[in-house]
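*Asks:* Structure provided below as structure tokens; questions to follow.
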Amino acid sequence: MATTNAFPLLLVLVLLGLHCGCLGQSEEPRLIDLTWTMEEGMNMYPTHAEYRFTIVYRGNQTGGYYLESNEIAMNEHTGTHIDAPAHFVPGAWKLDQIPLGHLTGPGVMIDVRDKIGDNTDYAVTKQDLQDWEREYGRIPEGGIIMSWGEQFFEEGPVPYLGSDQKNASLLHSPGLHPDAAQWLVDNRDVKVIGFDTISADTGDSTTYPTHKILLPNNIIIIENVGHLNEMPPTGSTVYAMPIKIGDGSGAPTRVFAIIDDRTSAAGLTTPDFILILASAIMLIVQAM
């Protein structure tokens, strides 16, 4: 009887040792930077002022110390950036009024590269979202959706914007169909939707219906997201941390994802470990 009672306890101790790294080495969570570097000459919405970076100090100073300091000038909606609800909705959240908890959540990466093909104004559909759910499960509550169309911000204006002219009527880029936006508003609890494109609306849009559906419902938009090829469809937590501009309608934002796919030396993920540990504890209780 003593041997029988001791076995579950021994199992618990072994599992704890494996998971804590006593018998092996655990990996650290992976961080994925989803933000493009801001620099002069980067792609901009055609009606926005160019980003300017001016060196003020860079070198040894008369006081015997080295100093670097720079000045920047830009539109709020520059580089990887957030659109606050106030961008399209009078009286809605300004940038500094967005609750911090609204800017983090479980990540969802929807790959629409095959759908785009030669259609540079492809609009992600409700069917695309439902197809993703059929494969990966329901979009989680408080989710942050990222739409990956393999649109590369650093490749220059013609591949990314469809034109190198400062004329918004010549824009061509993928976006989210208004029907899909409305379906998300009506059926899912989503905090943020990000795009690896210049806009949430397709480039050929002149009325911005997707903006006008998402933002009044406090669904934050992130545009010019980068490196979505490194983000898995599920299993990440996304953080979008904008510069806190008072009275702002948007701001450059550091967006990143954390993927905690650590496993124990026994090859157990954290949820698996918790389940097995709970089962072992139940065995101990039953054996007493």
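The values are calculated or read from the model by the stated rules, or taken from the named source; none is laboratory data. No experiment lies behind these values; they were computed from the predicted model shown. Quick reminder, even Gly has a Cβ in these numbers, built from the backbone with ideal geometry, and neighbours come from all protein chains shown.
*Asks:* Take segment 247-261 and flag every residue that is surrounded by fewer than 16 Cβ atoms within 10 Å (Cβ to Cβ) and outside any strand (DSSP E or B).
*Replies:* Kept after step one, since they are surrounded by fewer than 16 Cβ atoms within 10 Å (Cβ to Cβ), are these residues of segment 247-261: 247, 254, 258, 260-261.
Asp247, Asp260, Asp261 - these are the residues of segment 247-261 that are surrounded by fewer than 16 Cβ atoms within 10 Å (Cβ to Cβ) and outside any strand (DSSP E or B).
*Asks:* Looking at (1) farther than 17 Å from Pro252 by Cα; (2) in the same structural domain as Ile219 (by TED's automatic domain parsing), can you tell me which one Gln97 breaks?
*Replies:* Single failed check for Gln97: (1).
*Asks:* Does Leu214 meet the test of being assigned to a helix (DSSP H, G or I), out of contact with any His (no Cβ under 9 Å at 6 or more places or on another chain), modelled with pLDDT of 95 or more and closer than 24 Å to Pro140 by Cα? Full working, then the answer.
*Replies:* Numbers: assigned to a helix (DSSP H, G or I): yes; out of contact with any His (no Cβ under 9 Å at 6 or more places or on another chain): yes; modelled with pLDDT of 95 or more: yes; closer than 24 Å to Pro140 by Cα: yes.
Criteria met by Leu214.
*Asks:* Restricting attention to segment 112-136, report how many residues are at pLDDT 95 or above and basic (Lys, Arg).
*Replies:* Looking only at that region, the number is 2.
*Asks:* Of the residues in segment 142-188, how many are under 22 Å from the mean Cα position of the chain (by Cα) and exposed (fewer than 13 other Cβ atoms within 10 Å of the Cβ)?
*Replies:* Total satisfying the criteria: 3.
*Asks:* Return the only residue of Ile245, Ile219, Ile258, Ile193 being at pLDDT 95 or above, closer than 19 Å to Asp121 by Cα and among the β-branched types (Val, Ile, Thr). Talk me through it step by step, then tell me what you get.
*Replies:* Numbers: Ile245 fails: closer than 19 Å to Asp121 by Cα; Ile219 fails: closer than 19 Å to Asp121 by Cα; Ile258 fails: closer than 19 Å to Asp121 by Cα.
Just a single option satisfies the conditions, and that option is Ile193.
*Asks:* Same structure, new question: Considering only strands (runs of 3 or more DSSP E) fully contained in segment 39-135, which possess at least 1 residues that are more than 30 Å from Ser236 (Cβ to Cβ) and touching a strand residue (DSSP E or B) at 6+ places or on another chain (Cβ under 6 Å)?
*Replies:* Numbers: elements: 52-60, 66-73, 81-83, 104-111.
Once the strands (runs of 3 or more DSSP E) in segment 39-135 are filtered for at least 1 residues that are more than 30 Å from Ser236 (Cβ to Cβ) and touching a strand residue (DSSP E or B) at 6+ places or on another chain (Cβ under 6 Å), what remains is 52-60, 66-73.
*Asks:* Let me ask another. What do you reckon, is Gln165 in a helix (DSSP H, G or I) and either farther than 16 Å from Ile220 by Cβ or modelled with pLDDT of 95 or more (or both)?
*Replies:* On the way: in a helix (DSSP H, G or I): no; either farther than 16 Å from Ile220 by Cβ or modelled with pLDDT of 95 or more (or both): yes.
No: the conditions fail for Gln165.
*Asks:* Still on this structure, please answer the following. Taking interchain pairs and intrachain pairs at least six residues apart, which have beta carbon atoms under 6 angstrom, with the first residue in segment 233-246 and touching a residue at least 24 places away in the same chain (Cβ under 8 Å) and part of a strand (DSSP E or B) and the second surrounded by fewer than 17 Cβ atoms within 10 Å (Cβ to Cβ) and among the acidic types (Asp, Glu)?
*Replies:* Correct list of pairs: empty, since none qualify.
*Asks:* Name the residues in segment 110-131 that are under 18 Å from Leu34 (Cβ atoms) and out of contact with any Phe, Trp or Tyr (no Cβ under 6 Å at 6 or more places or on another chain), would you? Lay out the reasoning, then the answer.
*Replies:* From segment 110-131, those under 18 Å from Leu34 (Cβ atoms) are 110-113, 124; that's our starting set.
Across segment 110-131, the qualifying residues are Val112, Arg113, Val124.
*Asks:* I'd like the residue in segment 203-235 that is surrounded by fewer than 23 Cβ atoms within 10 Å (Cβ to Cβ) and of a type in the set (D, E, K, R) and, out of all such residues, is nearest to Lys166 (Cα to Cα).
*Replies:* If we take residues in segment 203-235 being surrounded by fewer than 23 Cβ atoms within 10 Å (Cβ to Cβ) and of a type in the set (D, E, K, R), then Asp204 is nearest to Lys166 (Cα to Cα).
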